[in-house]
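A short write-up of the structure that comes next.
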Amino acid sequence: METITGLLHLKISVKEEEPHSGVMELLRILRPKWRTEDIKTKVFTEGITNQLMGCYTGCLRSSDDVVLVRVYGNMTDLYLDRHKEMDMFQILHEHGCGPKLYCSFDNGICYEFLHGMVLDGPLLRQPDIYRLIAGEMAKIHSIKPRTSSPPQVVLWTKMSQFLQLVQESENETPMLRSLCVPGAASVEALRSEMNELKRHLGHVYSPTVLCHNDLLTKNIIFNDTKGSVKFIDYEYADFNYQAFDIANHFNEFAGVTTIDYGLYPSVALQLDWLTSYLRSSRSITGKGSAVSEQDAKNLYVTVCKFSLASHFFWGLWAILQARYSTINFDFIKYAHARFKRYFDKKEEYFGM
């Protein structure tokens with residue numbers, strides 16, 4: 001047992017294929033008053049990066065003390081900064097935006113369970129729900145860095161890291177060819193495309209803010225009793241372009257397991273979402289809450305352009321996952337869908 005940057009760290013490893021004994025060892029330290037025979041567990045299956053399990057006594061719905069145990073996915077430390085993730089956990093908790101982090105262990109973390117429901121497609125389209133999401137994102141975007149030096153955006157550094165890891169992986173050429181997407185058939189083609197995208201977005205202004213960067217529907221918890229939403233899972237949270245975070249969320253309307261871009265939010269929904277976001281953002285920062293139609297349209301154009309970066313980012317990520325992940329998910333199919341959408345929309349969005 002030790003501490004890392006003030007956080008309890010337990011020298012325990014939980015086996016992916018048989019997590020029970022490791023989880024019980026964690027709970028003996030974190031919840032010493034819990035009797036082993038009373039402990040219940042629930043495995044959450046929505047994630048495609050890690051394994052997640054809820055531990056509790058009594059009834060999950062009514063329990064006010066549920067410990068979530070997240071076991072990191074195989075080889076994810078290659079491209080994820082776990083110290084950064086824990087730092088983001090603590091920052092967001094301090095600002096009332098996230099759960100409490102209880103501890104880290106050798107291949108995962110334990111943290112507080114937030115009661116509520118994960119959102120599905122229909123709920124995402126309800127104005128009272130998506131306006132809550134817009135407001136919560138604005139709140140997170142308003143959090144200032146702990147240091148006085150200007151924060152650097154993570155987007156290009158992370159994508160370059162992904163691309164380098166793809167290049168270093170075994171059998172990368174057959175894997176890329178299996179995508180069957182023109183323009184993504186080789187590392188050289190992907191690097192050229194990424195550089196072109198970077199040049200284009202370099203002429204598009206978007207503020208650098210603290211971003212979640214992975215706001216898919218299953219990372220949003222809606223508490224209907226409190227009438228609030230909270231975001232969970234901060235593996236990719238970091239300072240980034242404001243428009244990337246919003247665009248990434250809109251892209252996630254299409255789903256994960258089965259991607260259907262017919263579910264992408266309509267222009268009318270996006271404009272209403274963006275108006276709500278801007279009102280919340282301006283109210284939080286003391287700049288009033290008046291938002292013009294043109295303000296929303298300007299942000300809409302910027303978000304469309306950054307949606308391309310979101311597709312490219314997760315396309316590269318999925319190629320890595322296909323190489324290293326032990327989770328039962330068709331990552332190549334997912335990568336195909338993201339890169340295909342990128343190239344399908346590139347000309348339209350570059351021209352806006």
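Accessible area per residue for the range 1-132 in Å², computed with a 1.4 Å probe and the full protein assembly in place, what is it?
Dividing the accessible area of the range 1-132 by its residue count gives 51 Å².
Once phi is turned into θ = phi - 60°, what whole-Hz ³J(HN,Hα) does the Karplus curve with 6.51, -1.76 and 1.60 give for every residue of the range 300-316, x standing for Gly and Pro?
Listing the rounded values in order: 4, 4, 4, 5, 4, 5, 6, 5, 5, 5, 4, 4, 5, 4, 6, x, 5 Hz.
Can you bin the range 112-161 into rounded, prolate or oblate? Criterion: square roots of the alpha carbon gyration tensor eigenvalues sorted a ≥ b ≥ c, rounded for a/c under 1.5, prolate for a/b above b/c, oblate for the rest.
Numbers: a/c = 2.26, a/b = 1.84, b/c = 1.23.
Because a/c hits 1.5 or more and a/b exceeds b/c, the range 112-161 counts as prolate.
Taking a spot 7 Å from the Cα of S228 along the direction of its beta carbon, which residues of the range 133-151 have an amide N less than 13 Å from it?
136
Using only the heavy atoms of the protein chains and a 1.4 Å probe, how would S104, S266, S281 rank by accessible area, largest first?
So the residues, ranked largest to smallest area, are S266, S281, S104.
In nm, what is the difference between 0.36 nm times the number of residues separating S142 and K100 and their Cα-Cα distance?
13.1 nm is the gain from fully extending S142 to K100.
Ignoring ligands, DNA and RNA, how do R323, R82 rank by accessible area with a 1.4 Å probe, largest first?
R323, R82
Might you report the magnitude of the Cβ-based charge dipole of the range 91-159 about its Cα centre, with Lys and Arg at +1 and Asp and Glu at -1, to the nearest 20 debye? Please report the intermediate quantities before stating the final value.
Details: 7 positive and 6 negative charges, 60 e Å.
Roughly 280 debye, rounded to the nearest 20.
Nearest 5 is fine: what % of DSSP beta bridges in the chain come out antiparallel, could you say?
In the chain, approximately 95 percent of DSSP beta bridges are antiparallel ones.
Relative contact order (percent) for the range 189-253, with alpha-carbon contacts under 8 angstrom and 6 or more residues of separation?
Computed value for the range 189-253: 40 percent relative contact order.
Residue by residue through the range 86-95, which ³J(HN,Hα) values in whole Hz follow from phi under the Karplus form 6.51 cos²θ - 1.76 cosθ + 1.60 (θ = phi - 60°), with glycine and proline marked x?
Per-residue couplings from phi come out as 5, 5, 5, 3, 5, 4, 5, 5, 4, 9 Hz.
Give me the percent relative contact order of the chain, please, defined on Cα pairs under 8 angstrom at least 6 residues apart.
RCO, the chain: 17 percent.
Could you give the distance between the Cα centres of the range 111-172 and the range 23-73, to the whole Å?
24
Can you tell me the relative contact order of the range 176-291? Whole percent, Cα pairs under 8 Å, sequence separation 6 or more.
18
So what J values fall out for the range 225-236 if you push phi through Karplus, 6.51 cos²θ - 1.76 cosθ + 1.60 with θ = phi - 60°, rounded to Hz, Gly and Pro as x?
Going residue by residue, I get 5, 8, x, 9, 10, 9, 9, 10, 6, 10, 4, 10 Hz, with x marking Gly and Pro.
Roughly what would the spin-label model give for S186 and S21, points 7 Å off Cα along C-beta, in nm?
So the label points at S186 and S21 sit 5.0 nm apart.
Where the eigenvalues come from the Cα gyration tensor of the range 109-260, what are the semi-axes √(5λ) of the equivalent ellipsoid, largest first, in whole Å?
31, 21, 15
Quick one: Kirkwood hydrodynamic radius for the range 151-201, alpha-carbon pairs, angstrom, one decimal?
Evaluated over the range 151-201, this radius sits at 11.7 Å.
Taking a quarter of the surface of the convex hull around the Cα atoms of the range 12-98, what do you get in nm²? List each step's numbers first, then the result.
On the way: hull surface 27.4 nm².
For the Cα atoms of the range 12-98, the hull's average projected area reads 6.8 nm².
Do the sum for the chain: with -39,500 (n - 2.57) for every DSSP H run of n ≥ 4, divided by all residues, what is the mean residue ellipticity at 222 nm, to the nearest 500 deg cm²/dmol?
Value at 222 nm, helices only: -14500 deg cm²/dmol.
Identify, among P174, L30, S63, the residue whose Cα sits farthest towards the positive end of the charge dipole of the chain, taking +1 on the Cβ of Lys and Arg and -1 on the Cβ of Asp and Glu, with the dipole about the Cα centre.
About the Cα centre, the residue reaching furthest to the positive side is S63.
Quick one: order V153, V187 from most to least accessible surface, probe 1.4 Å.
Result, largest first: V153, V187.
Which value, in debye to the nearest 20, describes the size of the charge dipole of the range 230-344 about its Cα centre when Lys and Arg Cβ atoms bear +1, Asp and Glu Cβ atoms bear -1, and nothing else is charged?
160
About its Cα centre, how strong a charge dipole does the chain have in debye, to the nearest 20, once Lys and Arg get +1 and Asp and Glu get -1 at the Cβ?
640
Tell me which residues come under 5 Å, amide H to amide H, from S228 once H is placed; ignore anything under 5 positions away on its chain.
N223
Can you check how the C-alpha radius of gyration of the range 208-282 compares to 2.2 N^0.38 Å, as a plain ratio?
1.14
For the range 230-352, take N as its residue count and report Rg(C-alpha) divided by 2.2 N^0.38 Å.
In units of the 2.2 N^0.38 Å rule of thumb, it is 1.16.
The values are calculated or read from the model by the stated rules, or taken from the named source; none is laboratory data. Quick caveat, the model's predicted, so the values are computed rather than measured. Counting neighbours? That spans all protein chains shown, and the Cβs are built from the backbone with ideal geometry, glycine included. Side chains are part of the model used for accessible areas, which takes the heavy atoms of the whole protein and leaves out ligands, DNA and RNA. Shrake-Rupley method; radii C 1.70, N 1.55, O 1.52, S 1.80 Å.
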